[in-house]
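S.K.: Structure incoming, see below.
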Amino acid sequence: MMSQEPVFHRYVALGDSFTEGVGDPDATRPNGLRGWADRVAEELARRSADFGYANLAIRGRLLGPIVDEQLDAAVALEPDLVTIYAGGNDLMRPKIDLDALVARYDDAIGKLTETGATVLVWTAYDAGWSAVFSKIRGRSAVYNELVREVADRHGAKLVDFWRFDEYQDLRMWDWDRLHMSTPGHQNMAIRVLETDGRPGIRVGLLSCQIRQSVPRLRVEEIATRPIRPTNAKA
(Lines give C-alpha, C1' and ligand atoms only; values in the text may rest on other atoms or scores of the structure.)
Protein backbone atom coordinates (compact mmCIF):
# COMPACT_ATOMS: atom_id res chain seq x y z
CA MET A 1 0.00 0.00 0.00
CA MET A 2 1.37 3.44 -0.94
CA SER A 3 1.90 5.94 1.86
CA GLN A 4 -0.46 8.91 1.91
CA GLU A 5 0.91 12.28 0.87
CA PRO A 6 1.26 14.69 3.80
CA VAL A 7 -1.27 17.49 4.21
CA PHE A 8 0.00 20.77 5.68
CA HIS A 9 -2.11 23.62 7.00
CA ARG A 10 0.42 26.35 7.74
CA TYR A 11 3.71 26.85 5.92
CA VAL A 12 6.39 29.42 6.82
CA ALA A 13 9.50 30.07 4.68
CA LEU A 14 12.65 31.65 6.12
CA GLY A 15 15.82 32.79 4.39
CA ASP A 16 17.37 35.27 1.98
CA SER A 17 16.98 36.06 -1.74
CA PHE A 18 16.94 32.36 -2.60
CA THR A 19 13.65 31.94 -0.73
CA GLU A 20 12.31 35.43 -1.39
CA GLY A 21 12.19 34.50 -5.09
CA VAL A 22 14.75 36.82 -6.67
CA GLY A 23 15.15 35.89 -10.33
CA ASP A 24 11.51 34.87 -10.81
CA PRO A 25 9.66 38.15 -11.53
CA ASP A 26 5.88 38.40 -11.29
CA ALA A 27 4.33 41.87 -11.50
CA THR A 28 1.09 40.63 -9.91
CA ARG A 29 2.79 39.89 -6.57
CA PRO A 30 3.22 42.50 -3.81
CA ASN A 31 7.02 42.22 -3.94
CA GLY A 32 7.15 41.64 -7.70
CA LEU A 33 8.46 38.09 -7.29
CA ARG A 34 7.03 34.59 -7.28
CA GLY A 35 9.79 32.09 -6.53
CA TRP A 36 9.92 28.44 -5.54
CA ALA A 37 8.38 28.95 -2.07
CA ASP A 38 5.23 30.57 -3.49
CA ARG A 39 5.00 27.73 -5.99
CA VAL A 40 5.28 25.15 -3.20
CA ALA A 41 2.59 26.96 -1.22
CA GLU A 42 0.27 27.01 -4.22
CA GLU A 43 0.58 23.26 -4.61
CA LEU A 44 0.13 22.55 -0.89
CA ALA A 45 -2.97 24.74 -0.79
CA ARG A 46 -4.69 22.35 -3.20
CA ARG A 47 -4.90 19.76 -0.42
CA SER A 48 -5.97 21.94 2.51
CA ALA A 49 -9.01 24.20 2.67
CA ASP A 50 -7.57 26.14 5.62
CA PHE A 51 -4.03 26.49 4.29
CA GLY A 52 -1.96 29.53 5.31
CA TYR A 53 1.47 30.69 4.12
CA ALA A 54 4.01 33.32 5.14
CA ASN A 55 7.31 34.06 3.42
CA LEU A 56 9.61 35.92 5.83
CA ALA A 57 12.72 35.79 3.64
CA ILE A 58 14.63 39.00 2.89
CA ARG A 59 17.33 39.28 0.25
CA GLY A 60 20.91 39.85 1.35
CA ARG A 61 20.46 38.49 4.86
CA LEU A 62 23.29 36.60 6.52
CA LEU A 63 22.55 33.60 8.71
CA GLY A 64 22.68 35.57 11.96
CA PRO A 65 20.07 38.17 10.95
CA ILE A 66 17.84 35.44 9.49
CA VAL A 67 17.83 33.72 12.87
CA ASP A 68 17.48 36.98 14.82
CA GLU A 69 14.71 38.49 12.69
CA GLN A 70 12.75 35.53 11.34
CA LEU A 71 12.97 32.57 13.72
CA ASP A 72 10.76 33.77 16.58
CA ALA A 73 8.25 35.23 14.13
CA ALA A 74 8.06 31.88 12.37
CA VAL A 75 7.55 29.92 15.59
CA ALA A 76 4.82 32.34 16.69
CA LEU A 77 2.85 31.48 13.55
CA GLU A 78 2.65 27.84 14.70
CA PRO A 79 3.48 26.27 11.32
CA ASP A 80 3.42 22.56 10.60
CA LEU A 81 5.88 23.05 7.73
CA VAL A 82 9.00 25.25 7.76
CA THR A 83 11.65 25.72 5.10
CA ILE A 84 14.91 27.51 5.91
CA TYR A 85 18.00 28.08 3.81
CA ALA A 86 20.60 30.31 5.48
CA GLY A 87 24.34 30.73 5.16
CA GLY A 88 24.72 31.21 1.42
CA ASN A 89 25.60 34.88 1.78
CA ASP A 90 27.99 34.09 4.63
CA LEU A 91 29.88 31.66 2.40
CA MET A 92 30.69 34.50 -0.02
CA ARG A 93 32.31 36.70 2.64
CA PRO A 94 36.14 36.98 2.69
CA LYS A 95 36.43 35.29 6.10
CA ILE A 96 34.08 32.90 7.84
CA ASP A 97 34.08 30.65 10.92
CA LEU A 98 32.11 27.69 9.60
CA ASP A 99 31.91 25.91 12.94
CA ALA A 100 30.47 28.97 14.67
CA LEU A 101 28.12 29.64 11.76
CA VAL A 102 26.65 26.16 11.73
CA ALA A 103 26.49 26.02 15.53
CA ARG A 104 24.11 28.99 15.32
CA TYR A 105 22.19 27.20 12.59
CA ASP A 106 22.06 24.05 14.72
CA ASP A 107 20.36 25.95 17.55
CA ALA A 108 17.84 27.45 15.14
CA ILE A 109 16.97 24.15 13.47
CA GLY A 110 16.58 22.57 16.89
CA LYS A 111 14.15 25.26 17.96
CA LEU A 112 12.10 24.76 14.80
CA THR A 113 11.93 20.97 15.00
CA GLU A 114 10.99 21.14 18.70
CA THR A 115 7.69 22.71 17.64
CA GLY A 116 6.74 19.46 15.92
CA ALA A 117 6.80 21.05 12.47
CA THR A 118 8.31 19.32 9.46
CA VAL A 119 11.51 21.27 8.74
CA LEU A 120 13.41 21.34 5.44
CA VAL A 121 17.00 22.61 5.14
CA TRP A 122 19.36 22.86 2.15
CA THR A 123 22.91 22.07 1.24
CA ALA A 124 24.71 24.78 -0.72
CA TYR A 125 24.89 24.39 -4.49
CA ASP A 126 28.07 23.00 -6.09
CA ALA A 127 29.16 25.85 -8.35
CA GLY A 128 32.47 24.25 -9.23
CA TRP A 129 31.83 25.09 -12.91
CA SER A 130 31.74 28.83 -12.17
CA ALA A 131 34.91 30.88 -12.62
CA VAL A 132 33.75 33.10 -9.75
CA PHE A 133 31.98 30.80 -7.28
CA SER A 134 34.35 27.84 -7.70
CA LYS A 135 36.69 29.71 -5.36
CA ILE A 136 34.39 28.93 -2.42
CA ARG A 137 33.72 25.32 -3.39
CA GLY A 138 35.83 23.92 -0.57
CA ARG A 139 34.15 25.89 2.19
CA SER A 140 30.75 25.10 0.68
CA ALA A 141 31.53 21.38 0.86
CA VAL A 142 32.51 21.65 4.53
CA TYR A 143 29.38 23.70 5.26
CA ASN A 144 27.28 21.00 3.59
CA GLU A 145 28.72 18.21 5.72
CA LEU A 146 28.03 20.20 8.85
CA VAL A 147 24.48 20.91 7.70
CA ARG A 148 23.93 17.22 7.00
CA GLU A 149 24.89 16.50 10.62
CA VAL A 150 22.47 19.18 11.83
CA ALA A 151 19.64 17.72 9.77
CA ASP A 152 20.37 14.21 11.02
CA ARG A 153 20.57 15.34 14.64
CA HIS A 154 17.23 17.13 14.61
CA GLY A 155 15.29 14.98 12.16
CA ALA A 156 15.03 17.74 9.55
CA LYS A 157 14.60 16.83 5.89
CA LEU A 158 17.46 17.68 3.55
CA VAL A 159 17.01 19.27 0.13
CA ASP A 160 20.38 18.27 -1.32
CA PHE A 161 21.02 21.15 -3.72
CA TRP A 162 24.70 20.11 -3.99
CA ARG A 163 23.64 17.02 -5.95
CA PHE A 164 21.11 18.63 -8.31
CA ASP A 165 23.09 18.36 -11.53
CA GLU A 166 20.31 19.88 -13.64
CA TYR A 167 21.49 23.27 -12.38
CA GLN A 168 24.55 22.96 -14.59
CA ASP A 169 22.18 24.14 -17.34
CA LEU A 170 22.51 27.92 -17.66
CA ARG A 171 18.77 28.32 -18.21
CA MET A 172 18.28 27.49 -14.54
CA TRP A 173 20.04 30.75 -13.61
CA ASP A 174 19.26 34.44 -13.92
CA TRP A 175 21.70 36.70 -15.76
CA ASP A 176 23.93 37.11 -12.67
CA ARG A 177 24.33 33.33 -12.25
CA LEU A 178 23.87 33.86 -8.53
CA HIS A 179 20.07 33.72 -8.41
CA MET A 180 17.88 31.11 -10.04
CA SER A 181 15.78 31.98 -13.09
CA THR A 182 12.06 31.24 -13.42
CA PRO A 183 12.79 27.68 -14.65
CA GLY A 184 15.25 27.27 -11.79
CA HIS A 185 12.64 28.30 -9.22
CA GLN A 186 10.03 26.02 -10.75
CA ASN A 187 12.44 23.10 -10.68
CA MET A 188 13.35 23.85 -7.07
CA ALA A 189 9.67 23.85 -6.11
CA ILE A 190 9.34 20.39 -7.59
CA ARG A 191 12.45 19.21 -5.76
CA VAL A 192 11.06 20.54 -2.47
CA LEU A 193 7.72 18.83 -3.00
CA GLU A 194 9.50 15.57 -3.76
CA THR A 195 11.58 15.87 -0.60
CA ASP A 196 8.43 16.58 1.35
CA GLY A 197 6.72 13.38 0.30
CA ARG A 198 4.94 14.19 -2.96
CA PRO A 199 6.62 11.84 -5.48
CA GLY A 200 5.67 11.91 -9.14
CA ILE A 201 4.79 15.61 -9.30
CA ARG A 202 7.83 16.20 -11.52
CA VAL A 203 6.32 14.24 -14.43
CA GLY A 204 5.43 16.43 -17.42
CA LEU A 205 6.54 19.69 -15.82
CA LEU A 206 9.14 22.16 -16.97
CA SER A 207 12.02 20.52 -15.14
CA CYS A 208 11.73 17.46 -17.37
CA GLN A 209 11.24 19.51 -20.52
CA ILE A 210 14.24 21.72 -19.92
CA ARG A 211 16.57 18.78 -19.51
CA GLN A 212 15.30 16.91 -22.57
CA SER A 213 14.74 19.67 -25.11
CA VAL A 214 18.37 20.55 -25.97
CA PRO A 215 21.80 19.27 -25.02
CA ARG A 216 23.17 20.68 -21.77
CA LEU A 217 25.96 23.22 -22.09
CA ARG A 218 29.36 21.76 -21.31
CA VAL A 219 31.10 22.88 -18.13
CA GLU A 220 33.88 24.62 -20.03
CA GLU A 221 31.30 26.60 -22.01
CA ILE A 222 29.53 27.67 -18.83
CA ALA A 223 32.76 28.85 -17.23
CA THR A 224 33.77 31.09 -20.13
CA ARG A 225 30.46 32.37 -21.45
CA PRO A 226 29.92 36.15 -20.95
CA ILE A 227 27.43 37.34 -18.36
CA ARG A 228 24.79 39.76 -19.63
CA PRO A 229 21.33 40.56 -18.26
CA THR A 230 18.51 39.86 -20.66
CA ASN A 231 17.44 43.51 -20.61
CA ALA A 232 20.94 44.95 -20.89
CA LYS A 233 21.58 47.66 -23.44
CA ALA A 234 24.11 46.85 -26.12
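S.K.: Under 17 Å Cα to Cα from Lys157, which aspartates and glutamates show up? Leave out anything in the same chain fewer than 8 places away.
M.R.: Cα-Cα hits under 17 Å: Glu5, Asp80, Asp106, Asp107, Glu114, Glu145, Glu149, Glu194, Asp196.
S.K.: Could I ask something else about it? Label points 7 Å out from Cα along the Cβ direction at Arg163 and Glu43: separation in nm?
M.R.: Calculated label separation equals 1.8 nm.
S.K.: Could you put Arg177, Arg153, Arg61 in order of accessible surface area, largest first, with the 1.4 Å probe and the full protein assembly present? All intermediate terms of the calculation are to be shown ahead of the outcome.
M.R.: Details: Arg177 40, Arg153 140, Arg61 70 Å².
Per-residue accessible area, sorted high to low, gives Arg153, Arg61, Arg177.
S.K.: While we're here: Working with all protein chains in place, sort Leu112, Leu170, Leu77 by solvent-accessible area computed with a 1.4 Å probe, largest first. Intermediate results must be reported in sequence, preceding the final value.
M.R.: Values: Leu112 5, Leu170 30, Leu77 65 Å².
Of Leu112, Leu170, Leu77, the descending order of accessible area is Leu77, Leu170, Leu112.
S.K.: Right, here's the next one. Suppose every K and R has +1 on its Cβ and every D and E has -1 on its Cβ; what is the size of the dipole of the range 26-134 about the Cα centre, in Debye to the nearest 20? Display every interim value, and only then the final one.
M.R.: Details: 11 positive and 17 negative charges, 90 e Å.
The dipole magnitude comes to about 440 debye.
The values are calculated or read from the model by the stated rules, or taken from the named source; none is laboratory data. None of these values were measured; they are calculated from a predicted model. Because the Cβ atoms are built from the backbone with ideal geometry, glycine has one as well, and the counts that use them run over all protein chains shown. Surface areas here come from the heavy atoms of the whole protein model, side chains and all, with no ligands, DNA or RNA. Shrake-Rupley method; radii C 1.70, N 1.55, O 1.52, S 1.80 Å.
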